[in-house]
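Undergrad: Okay, handing you the structure first.
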Amino acid sequence: MDNGLMIKTKDLLQQGEQSILFTAVRPGVVMERGSGMYLWDTNGEKYLDFIGGWAVNCLGHCPPVITKALEAQSRELVNASPSFYNKPMIQFAKLLTEYSCFDRVFFCSSGAEANEGAIKLARKYGSISHNGAYEIITTTNSFHGRTLATMSATGKKKWEGLFEPKVSGFKHVPLNDIDALINAINPNTCAIMLEPIQGEGGVFEVEANYIKAVREICDEQEILLIFDEVQTGIGRTGTLFAYEHYGIEPDVMTLAKGIGGGFPLSALLTKEKFNIFEAGEQGGTYSGQPLAMAVGMAVMKEIIEKDIATNAQSKGNYIVKKLNELKNEFSLKDIRGKGLLLAIDLSAAKGSKITSECFKEGLIINSPQPSTIRLIPPLIVTEKEIDDMLQILSSVLKRVL
Ligand SMILES: *Cc1c(COP(=O)(O)O)cnc(C)c1O
């Protein structure tokens, strides 16, 4: 490796350790450049990226459609103000409503912010149509974000007792347990919010019968059904949106991650019936920001035109098939997921050891739980890149297990 580059990297890392607020343990590299399925660090080392910015870079790193959209829009209008309509805002909202079951879109910048909007919408609905009901039922092991309300909505054991007092009004029930859900509903319930596939929790999917029953209960009791599709939306699971797999429609859906392909962007989508905010009750300085709108639209058009959701489905099937061939050799306990949101359960709690060993060999994967590996690559991944990933992964599994 180039000695001069390594000295520069060491300096950068030292500066980073001194000036970045500590919130995460990060490996001792500095990422500098990306293209397609690959990242390069400041030492010139190359990494095959099967996390893709945490299920964000759906078109890979630096896709030309994003560069082009940013370039063109930055010459036209970077920011007007959320109090004005702008052209890409209207066009993108139209595109999203055309390709989903929803009628209205509110744009924001992160998944947590979109979920905050959904929580506020549910409470607004409760206050005007449900005798002041404000409780929202979510699932244990769920993940909805890191703002105070979305942390309170999140059903993560590790966060219990953190940043107390939490925002009140959230109840957690186990996923796919319809009796637990029915027992949790009371006159104060205004909404049920869930991920169709729990992502950060370790890739656990709703059962088709369960979600159909949940839809029926919500209809009967006039409770909002909110899908957090921050991770599952925009082609990730093999359809444009994950709700399409189950033959039901939620009332409200949130999108983030893949929607901007790496640009900070999120959206709250609702049916016409829930277009109930009064002026000023919901907003944000960057709502409908033209650069974000242009990028989001370019990403979604590319996904639709190139039928990238279908690629996610077929490449996901290919990974599962190949992993099944390795199942016995490495005593893998479970391989699950949909499209390119996949998890492998190991027979030992060696997830973080495996991810760090893979990283040393130039492969980026993730371990959301101690004995689980998660694969969430860009949706443009090819069979060749999958074969390369599996070669590194199996050599590491051979060594570590
Ligand atoms: C990542 C994630 C969020 C939070 O999104 P941010 O953009 O990090 O705020 C919320 N819900 C789900 C399902 C997620 O995967």
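Undergrad: Kindly indicate which of R75, R123 is closer than 16 Å to V167 by Cβ, open to solvent by 80 Å² or more (accessible area, probe 1.4 Å) and either among the aromatic types (F, W, Y) or more than 16 Å from the ligand (Cβ to nearest atom) (or both). Give the derivation first.
TA: Details: R75 fails: closer than 16 Å to V167 by Cβ.
Answer to the check: R123.
Undergrad: Still on this model: Please state which one of N186, N131, N176 is at negative phi, open to solvent by 10 Å² or more (accessible area, probe 1.4 Å) and away from the ligand (no atom under 16 Å from the Cβ).
TA: On the way: N131 fails: at negative phi; N176 fails: at negative phi.
Being at negative phi, open to solvent by 10 Å² or more (accessible area, probe 1.4 Å) and away from the ligand (no atom under 16 Å from the Cβ) holds for just one of N186, N131, N176, which is N186.
Undergrad: Here are G34, G16: which of them is open to solvent by less than 40 Å² (accessible area, probe 1.4 Å), touching a Cys at 6+ places or on another chain (Cβ under 6 Å) and in contact (Cβ under 8 Å) with a residue 12 or more places away in the chain? Reasoning before the result, please.
TA: Details: G16 fails: touching a Cys at 6+ places or on another chain (Cβ under 6 Å).
Of G34, G16, the one residue that is open to solvent by less than 40 Å² (accessible area, probe 1.4 Å), touching a Cys at 6+ places or on another chain (Cβ under 6 Å) and in contact (Cβ under 8 Å) with a residue 12 or more places away in the chain is G34.
Undergrad: Suppose the filter is at pLDDT 95 or above and under 26 Å from the mean Cα position of the chain (by Cα); does Y85 pass it? Before the answer, list the steps.
TA: Numbers: at pLDDT 95 or above: yes; under 26 Å from the mean Cα position of the chain (by Cα): no.
No, not satisfied.
Undergrad: Does G145 count as on the phi > 0 side of the Ramachandran plot and within 13 Å of the ligand (Cβ to nearest atom)? Spell out how you get there, then give the answer.
TA: On the way: on the phi > 0 side of the Ramachandran plot: yes; within 13 Å of the ligand (Cβ to nearest atom): yes.
Here the answer is yes, as G145 does meet what is asked.
Undergrad: Looking only at residues that are surrounded by fewer than 20 Cβ atoms within 10 Å (Cβ to Cβ) and hydroxyl-bearing (S, T, Y) in segment 37-52, which one is nearest to the ligand (Cβ to nearest atom)?
TA: Across segment 37-52, the extreme among qualifying residues is Y38.
Undergrad: Related question: When you check E249 against the structure, is it among the acidic types (D, E), in contact with a helix residue (DSSP H, G or I) (Cβ under 7 Å, 6 or more places away or on another chain) and either modelled with pLDDT under 95 or away from the ligand (no atom under 13 Å from the Cβ) (or both), yes or no?
TA: On the way: among the acidic types (D, E): yes; in contact with a helix residue (DSSP H, G or I) (Cβ under 7 Å, 6 or more places away or on another chain): yes; either modelled with pLDDT under 95 or away from the ligand (no atom under 13 Å from the Cβ) (or both): yes.
Spelling it out, E249 is indeed among the acidic types (D, E), in contact with a helix residue (DSSP H, G or I) (Cβ under 7 Å, 6 or more places away or on another chain) and either modelled with pLDDT under 95 or away from the ligand (no atom under 13 Å from the Cβ) (or both).
Undergrad: Are any of the residues in segment 232-251 open to solvent by less than 10 Å² (accessible area, probe 1.4 Å), aliphatic (A, V, I, L, M) and touching a Pro at 6+ places or on another chain (Cβ under 8 Å)?
TA: Yes: segment 232-251 contains one or more residues that are open to solvent by less than 10 Å² (accessible area, probe 1.4 Å), aliphatic (A, V, I, L, M) and touching a Pro at 6+ places or on another chain (Cβ under 8 Å).
Undergrad: Of the residues that make up segment 89-102, is at least one among the charged types (D, E, K, R) and either touching a residue at least 12 places away in the same chain (Cβ under 8 Å) or within 16 Å of the ligand (Cβ to nearest atom) (or both)? Explain how you work it out, then say what you get.
TA: Of segment 89-102, the ones among the charged types (D, E, K, R) are 94, 98.
Imposing the further condition that a residue be either touching a residue at least 12 places away in the same chain (Cβ under 8 Å) or within 16 Å of the ligand (Cβ to nearest atom) (or both) reduces the set to none.
The answer is no, given that none of the residues of segment 89-102 is among the charged types (D, E, K, R) and either touching a residue at least 12 places away in the same chain (Cβ under 8 Å) or within 16 Å of the ligand (Cβ to nearest atom) (or both).
Undergrad: Go through segment 193-232 residue by residue and tally those that are within 15 Å of the ligand (Cβ to nearest atom) and either of a type in the set (V, I, T) or more than 19 Å from N141 (Cβ to Cβ) (or both). Lay out the reasoning, then the answer.
TA: Applying the first criterion (within 15 Å of the ligand (Cβ to nearest atom)) to segment 193-232 yields 193-206, 226-232.
Going one step further and asking which of them are either of a type in the set (V, I, T) or more than 19 Å from N141 (Cβ to Cβ) (or both), we end up with 197, 203, 206, 226, 230, 232.
So the count comes out to 6.
Undergrad: Here are the criteria: (1) within 21 Å of F359 (Cα to Cα); (2) open to solvent by 80 Å² or more (accessible area, probe 1.4 Å); (3) of a type outside the set (D, E, K, R). Tell me which single one A55 does not satisfy.
TA: Answer for A55: the failing condition is (2).
Undergrad: Residue check: is L363 closer than 13 Å to L326 by Cβ and out of contact with any Asp or Glu (no Cβ under 6 Å at 6 or more places or on another chain)?
TA: Values: closer than 13 Å to L326 by Cβ: no; out of contact with any Asp or Glu (no Cβ under 6 Å at 6 or more places or on another chain): yes.
Against the criterion (closer than 13 Å to L326 by Cβ and out of contact with any Asp or Glu (no Cβ under 6 Å at 6 or more places or on another chain)), L363 does not qualify.
Undergrad: Do any helices (runs of 4 or more DSSP H) lying entirely in segment 140-246 carry at least 1 residues that are over 30 Å from T310 (Cα atoms) and without any contact (Cβ under 8 Å) to a residue 12 or more places away in the chain, and which ones are they?
TA: Filter on segment 140-246 gives 178-184, 208-221.
Undergrad: Same structure again: I'm trying to understand the selection: among the residues of segment 252-276, which are of a type in the set (K, R) and either part of a strand (DSSP E or B) or surrounded by fewer than 20 Cβ atoms within 10 Å (Cβ to Cβ) (or both)? Break it down stepwise before answering.
TA: From segment 252-276, those of a type in the set (K, R) are 257, 271, 273; that's our starting set.
Within segment 252-276, K271, K273 meet the criteria.
The values are calculated or read from the model by the stated rules, or taken from the named source; none is laboratory data. Everything quoted here is computed from the prediction, not taken from an experiment. Please note: Cβ atoms are built from the backbone with ideal geometry, for glycine as well, and neighbour counts cover all protein chains shown. Surface accessibility is based on the protein's heavy atoms, side chains included, excluding ligands, DNA and RNA. Shrake-Rupley method; radii C 1.70, N 1.55, O 1.52, S 1.80 Å.
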